Structures are given as C-alpha cells and as structure tokens.
1. Would you mind computing, in nm to one decimal, how far apart the modelled labels at A:Ala77 and B:Glu74 are, each placed 7 Å from Cα along Cα→Cβ?
2. Which lysines, on any chain, are close to B:Lys184 with Cα under 25 Å apart, when same-chain ones fewer than 8 places away are left out?
3. Using unit Cβ charges (K, R positive; D, E negative) and no other charged atoms, how large, in debye to the nearest 20, is the dipole of chain B about its Cα centre?
4. Pairs of Cα atoms under 8 Å, at least six residues apart: use those to get the relative contact order of chain A, whole percent.
5. Any chance you could give the angle, 0 to 90 degrees and rounded to 10, that helix A:424-444 forms with the longest Cα principal axis of chain A?
6. Can you tell me the Rg and Dmax of the range A:7-152, counting just the alpha carbons, in angstroms?
7. Measure out, as a whole number of angstrom, how far apart the alpha-carbon centroids of the range A:442-472 and the range B:340-390 sit.
8. Mind running the shape call on the range B:136-259? Use the C-alpha gyration tensor, a ≥ b ≥ c as the square roots of the eigenvalues: rounded below 1.5 for a/c, prolate if a/b tops b/c, oblate otherwise.
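Coordinate-derived values only; no laboratory data. This is a predicted model, so every value here is computed, not measured. Here the Cβ positions follow ideal geometry from the backbone for every residue, glycine too, while neighbour counts run over all protein chains shown.
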Protein chains: 2
Amino acid sequence: MASGPSALTRLHGHLHETRLLGSISSALYYDQNTVMPAAGAAWRGEQLALLAAQMHARQSSAAYADLVAAAEVELGADAPPQRRRNLQLLRLELGRQRCLDPALVSALARAQSRGNAVWQDARARNDFAAFAPALKELITLRRQQASQLAAAEPVARSPWEVLAQPFEPDISKARLEELFIPLKTDLPALLERVASAVAVPSEPSAALPEALQEQLCAELLASWGYNAERCQRSRSAHPFSCTVGPQDFRITTRVVPGQPLSAFLATAHEWGHSLYEQGLPRGDDHWFPWPLGEATSMGVHESQSLFWECRVARSRAFAERWHARFGAALGSDPWGGTLGFWRALNPLRPGLIRVEADELSYCLHIVLRYELELALLEQDLPVEELPQQWNRRMGELLGLTPTTDRDGCLQDIHWAEGLFGYFPSYALGHLISAQVAETLERTLGPIEALIAAGDESSLRAWLGQSVWPLGRSVNGEQLVEQVTGRPLSAEPFLAYLRGKVASLTGMATP
Amino acid sequence: MASGPSALTRLHGHLHETRLLGSISSALYYDQNTVMPAAGAAWRGEQLALLAAQMHARQSSAAYADLVAAAEVELGADAPPQRRRNLQLLRLELGRQRCLDPALVSALARAQSRGNAVWQDARARNDFAAFAPALKELITLRRQQASQLAAAEPVARSPWEVLAQPFEPDISKARLEELFIPLKTDLPALLERVASAVAVPSEPSAALPEALQEQLCAELLASWGYNAERCQRSRSAHPFSCTVGPQDFRITTRVVPGQPLSAFLATAHEWGHSLYEQGLPRGDDHWFPWPLGEATSMGVHESQSLFWECRVARSRAFAERWHARFGAALGSDPWGGTLGFWRALNPLRPGLIRVEADELSYCLHIVLRYELELALLEQDLPVEELPQQWNRRMGELLGLTPTTDRDGCLQDIHWAEGLFGYFPSYALGHLISAQVAETLERTLGPIEALIAAGDESSLRAWLGQSVWPLGRSVNGEQLVEQVTGRPLSAEPFLAYLRGKVASLTGMATP
C-alpha cells in the first residue's frame, strides 16, 4: 500500500480548516455587534450564510464521512478512551449534519442575521409587531431543522430537546423539570424573605461617567489576568464573549446609564466565559482542533462566568475591596458605606431585565423563557400572543409586569438569532457554579477568605486545573460528577443562597 | 436544449459569491488593524490565506473559465461596449489567475499577514533587522508571482510593471518616467522658493486632546455627508479606508501626538476614498458585482482622497471657516490668526514622513519609493542596504536624513504587506486631482469660492456625476481624458502648486 498521511492526520487537517472557517464567522459576528453600520446587515447576512453553507458542506460531505470512517478503522477499538471519544463526537455531529438540507442551513443563517438586525431596530423602537414576522420565520425554520435532525439522535427527543443538544448535550425536558422544580418552589419564598427583612437599596442616582466605568472595568480585568496581547474588550448592545482564534479572545460590555455597577458585573461575567475558553486544552494533538478541545456545554460555560460574577464580584469580601474605588470614581458614596455597596451588588429583588437580575430571581427569568420556548415550538403558541404571555408569566413568577416590550419579550437577543434551547443553560450554570464552588472550598477553604486576601489567582489556578482542561471529554453533568463526586442538583445553589440571604437579612437587623 | 439560467446569469451569481468572499477578507483586515490583539496575528494569517486560496480557486477554476467562455458566446460581438468591457476585464483577470500556482497564492497571503505583524513590532522597536527577513521573503514571492503572471500580459512588461497592473492598469515605467520628470525638476525649486520666502511655521506645541480631535473629525465628516447608517470610523496605526459591503464603508484615522491637524487632514483624505467607493455605480446589473462596478485604479482612488484633503481641507477658504473651531477646541490660538492656521495646514516644507507630507514634497517621497522598489525587485538591491539607500536618496531629494528607520524605510505599511507597484498611484493621484479640478472649476467656478460659501455639496455632486459613476468602464488615464478632454500631464498640478506658492509667499511679504 502506498504510504501517505494517515487518515487521522488528514482528518486533523480537515478539522483545522473547519475551525478556521468557524472562527471567521466569529470575527464577523464580533464586528457586526461592535462596529458594523446598520445598513451593512443584509450583506453581512449573505457573508455569514455563505460561510455557514461552506461549514455545512465540509461537515456533511461524503468525503468527510469517508475520512471519519477511515480514521475510526485506523484508530481501532483499543485506542485510549479520549481518542475514541473524539471520533464518537465527530460521528454524532456528522450524523446530524448529514440529516440537514443545505438549503435549510443557508436559509437559517440568513434568517438569523436578518433576525438580529430587525430585533436591534424593533427593540430600539419598542415595536414587537415589527419583530414578529422575523421570529415566526425563525420558529418555522428551527422546527424544520429539529424535524430533520431528529433522525440522527441516539434516543427519541422532542423538537425542543433536539434543538437544545448543541448547547447542552444529552439534556432532556424531564431532567430539567427535576432540577427546576426546587427553584420554582424555593426561590419565590427566599425573595419574599428578603423583601420583608431588608429595605430595598436604591441605586445611586449619581451617574458614574462612562470613562470611569471603563477604567474600573479595565482595573478589574487587569487584576484577573487580562492580557492585551491576546484579549480585546469592546462595546456592544448586548455583552458577549467570543473566541476568534486560539490566541484571540474578545469580550464586550455596555455601560447602562444610571447603573454604575452594571458594566462592572457584566465584565466579570464575560471574563469568566473567556477564562474558560482560554483554559480549554489546546496543547496536545488530542485536543486542538478536535472536539475534546471545545467547551462541553453552555451550562458549564455559564457556570464559569457566574462563578466570577456572583461568587467573586458580588461577594462581601470583594465589596470591601472595591467600595473605596467606586466612591473615589464617583466623588461621593451614595451607598453609605461598604455594607450598602455590597447590598447594591446584591439587590436580591425582582426586576424586569434578565441580564441585570440578581441571583435569587435570575433562574425564574429562565423558567419563564424555557416555558415560553416550549409553548412556541411544541405547543403552537401564536407569536402574536408572546408579549401578553410573557407579561402574564412575569407577573406570576416575579410579581412584576413590564410596561414595554423592550423591558419584556424584546429584551434578549437569543430568539432574534433563532437560539431556542439555550436559556436553560443559564440556570444550569448557577447550579453547576454552586456545586463546583462547594468542592473548591473543601480544598482551598472559604472563597470569601481568599478574596479578602486578594488571592483570586488561586481560584483561577484551581479552576484551571480541575474544570477547564476537561474540554468535551465529559458532558456537563458528567463534569459535575467528576469534579464534585455527586450528581448535579439544585441543593448547593439553594444552600448558598440561603446563606447569602441570612447574612444580608442578619446584617439588616444588627 | 433544456432551458436554465443563462450563462450571464450564472456568471453573475459566481461573481456575487466571489465578492462576498473578498469582502469577508476586507472585514478581517479591518478587524486586524483596529482591534485584533497582537497574538491573534498567526491565526488571522491562516484565515486570510484560506480565503485567498478560495478566491484564487474560484477565479481560476476550469468551471469558471467555461462560464466566462459561455458568457462571451452568449453575449456576442454586437453587445453594448460596456457589457463587452465587463467580459474583457474578466477574461484578462482569468488569464492572470490561471497563471498562478495556488501554493504561491497561499504562501503570499501568509507572508503578507506575517509581514504586517512583524512590521508593526519592528516599527515600534525601530528594528529594521527584525523586519528584513519578512521583507526578503515578500520580495522573493512577489518576483515569483511576477514571473508567473508575465505570460498573461497582453504586452511585454517588466516584473515591476506586472506587479503594478492591479493598482494601475496599463501603466508602464516609460509613462511614469514621462510624468515624474517634471516633478523631479520643478518641485525642489518650488520648495526652495518657499523656504527662502516664508518663515517655517512651527506646529503649536500645545496638544489638542484626542477627544477634541475626534470631535472635530466627526464634525468634518458630518458636514461632508457622513451617514452613520452606512459608515463606521475607527482608530488604527495607519489610516485607511475599506469597503466591507455595498452599504458598509469604513475609514480609520490615528491621532498623532503634538500634531493637532494630522487626524483632521487624514480624515478628509480617507473620506475622499470612501466617497469614491460610495459613488461607484451599483444600481444596474451591468455594474455590481461586475468589474465595471469597481474602482478603476489606485491613482484615480487617490485623486479623490487628495481632492478632499488638499483642494478642500488645505484651502484658504476652508482654513478661514475652521480656524475658530480649532482655536476654541485648543482654548488658544497658537497659529496667531487665520493666515497662520492656513500656513500650518500647508507647511510646504520637507519632512521625513510621507503621510504627513505637504503637496510640494509628497511626490518626491513617491519618487524615492518607486526608485527603491525598482532597485529591490529588478536591480538586486540587497534588503540589508535599504535603510542606507533610503537615507541617501532622502538627502538628495528632500535634503533630509532620517535619524531612525521608524522615520525612514519602516514608516509605511505597504512593503510589509508585499504591496510593490502601489506607491506611484499616490503621485498619479495628485496629478489627476489637479487636472480634474481644473475642469470642475470651468463648470462650477473657483473651488475657493464654493468653499467660502460652505458649498462643498456641489463639489460632491459634480464628482458624483462626472467621475465616480465611470467605474472601470475606462482605465485611469482614459478617465482623465474623458473627464478633462486632455491626456494626463503634470502641468495642471504644477500650475496649481505655483499658484499656491505665490499666494503663500505673497502673503508672507505683504
């Protein structure tokens, strides 16, 4: 037999090029959401659709299927489990891609790009009716996609479950129900307890100038390992994190007028995402650009951002370290001391906006979106009724009713880009973060003590050893079990919140 | 015969997709030069190389060649000249692409991207030796490219001429010699006259804060038709203009410490480029995405940027309108009145930096680069000798010697990206701008009077009728002849400069 590159080497080359194309889309997405002028949207949509079609062709071609099959034979059944896992993940994804009609792939990419543009405009003008047709089209296309993909699933899954797989591999509605019921039961009671025991802290009306907010965010990042050689921070309408290359990490934030802590907390959050990406295993041929070198699930991703936002930046010890800097930047102390500043970081009161929500109400925002997604995708809820259903459920879960759709069902970018099945990962992130943090504290001692000592680098180091290098060698729930020794549950999260509520309400009545 | 889309329709679709890919490269280039972190350069190089390989494959494939041939048959010899011109330009470009080895295309794209990164660093550290290997590699690759391309040229051309064709179609060294000799003869004498008659205006040492420079640039653009719906302005190390989509136009500038007029003039310049791009014919199937819808040459492109920079922003009337704004922004008047401000806009004294050069010395900077390019590409000048040759020629032409390579042969980005054959277009731009301006004044009256009346919109309208819509229906010299009724010459440019020198020196001795 003539010698030549092995099938695994050729497969590596193929995956490398796929990763290049995917990262070009990421760069265009970043550009679109930070600097692209509005009129560029249609052309950008065509560019992204072209790349999506190329990606789909690469990932579903007969040549690629042959390459995967040849690599499977070459690897053999005795290979180390991680190498076999790489091919198993490729095989699963290949099956999915080969179920999809290329015309649908292009149509979806175009509809997602158009959806983004229409949403930006509709949200600015608070005009749900202008957005509704784009949303309807996205629902129709995503349903078609779910129906095409269902054939490739190893087990029977509902349309919503099929669409959720890329974000949360192996997730089911039954498992989410199990995890969400304790949240739906316990969180409203905790919110009630805070409301009756603690006076609602009012946000300082004094505006913190944008330049100073930027400066505080830059200081935060510098103290958490931000390296301008490999990182870039920009502004966008909706904060996000994205990886453009193996040494090119971007995050964006926005300054919210009248909310001096918003950009700061969003920066902590997005940086947590980026740290996970930066810590994914890259060094070895097993990993990059193989599936094992990728993030395993959006829930795990979110657990890392929430860890830095909630466990670190919203902690008492962190408030003590940063209070003086904010006061100096503002030129006054509208919080009336460090305790007030800590309370402002943890308002623990229901609000209308998910990305501004505190840890008690956040998961209820997710429950609302999850249930509405199911209704839209699986229960024929007419799109026109979305605003009223949103407002009704918001009243039931959080006791609040939006007065505008901008503060209601138009607030998130996800559905505008056709991302159904994504929201529950945010709630899973809270649960995973809490359960992983329990384990971390068993090794390193209380997080508050480490933060008080200014030692966030040991937190980074522990996560960088225990969590980030796992890549996709395990799925989200397996990761939790491997790191913490127990199956994922809502209990550590609820226990953490009970503790926080106790200290906040305890503080309130000294 | 089975009916289906015509060959011309299929060709249109093919060109549309090519344009999408090309504009993705433009978006990545913009990102690279405005926000990409330095460590992202290697991956970005791979992304751009992948796109370049795809572009080359599309533009040289047998299928594409068949499509062009079928479209030629379908169109027939009786078709309108513009439609035939489209196919002639495609046929010429196809011949060139099919001469190129795909491996060379990829290697060049990688070397260009690496060259950019190495140059950024070497320039910052004033380290020519660090840049030399990248430059050598680019010269080697571009020579190879010239040798491969030579076979496709309709007439015999030297390597430099071959490489210059994409920037200045049909240009020859002999024609450049003809146009440049009067410049080399007359410009030093004019510089001498200014130096002996006018005290060199000193730049105000007071710094104009960046935020205020940005504000003045934004006001300038607003008054010249900038529309944020389709335009974006960013910062980069080297100002440039680029088109990312048919409705997506970007320009960049930089603030130069201690030079309060630099960003302002660069903004005027880049906006001139962008106006031309925005005014290219797009409405009709003949034009977009066909060759006729493209800019015809870099010389014509440059003539448009120079028109707005030199004929408008450096004019006496414009200085009178803007002097007070600059004084107000600075909080003082370091120019000592409007005349001083106008002189500061027109220093007319030799300097080391091309992009900061005035109208008298600018073309001498180009002559230096053109002659050194010829030496590097056709006369075996060793790269190591470039700094000393640069410095020697700079002394001869402008009477100045750089003390650092940063202010010498490392100042420009062009060679770092392998752009040989480009620089002469800048000088042609001055010549074309002056000759076109003469014609414009015959129709609209003196430019100074229009500016004094605040009526730059009539300048925009005239160029938008007379120049921009020609696209590639004519080459650069044909455009000049069509618009002005005469062949291109250096005389209108020199006449304009003599007039300017007369008024400046006249003013100096009232």
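1. In this crude label model, A:Ala77 to B:Glu74 measures out at 5.6 nm.
2. B:Lys173, B:Lys500
3. Numbers: 46 positive and 57 negative charges, 47 e Å.
The dipole magnitude comes to about 220 debye.
4. Working: 686 pairs, mean separation 97.8, N = 510.
Contact order relative to length: 19 percent.
5. Tilt of helix A:424-444: around 70 degrees.
6. Radius of gyration, then largest Cα-Cα span, for the range A:7-152: 18.4, 60 Å.
7. First find each Cα centre; the distance between them is then 56 Å.
8. oblate
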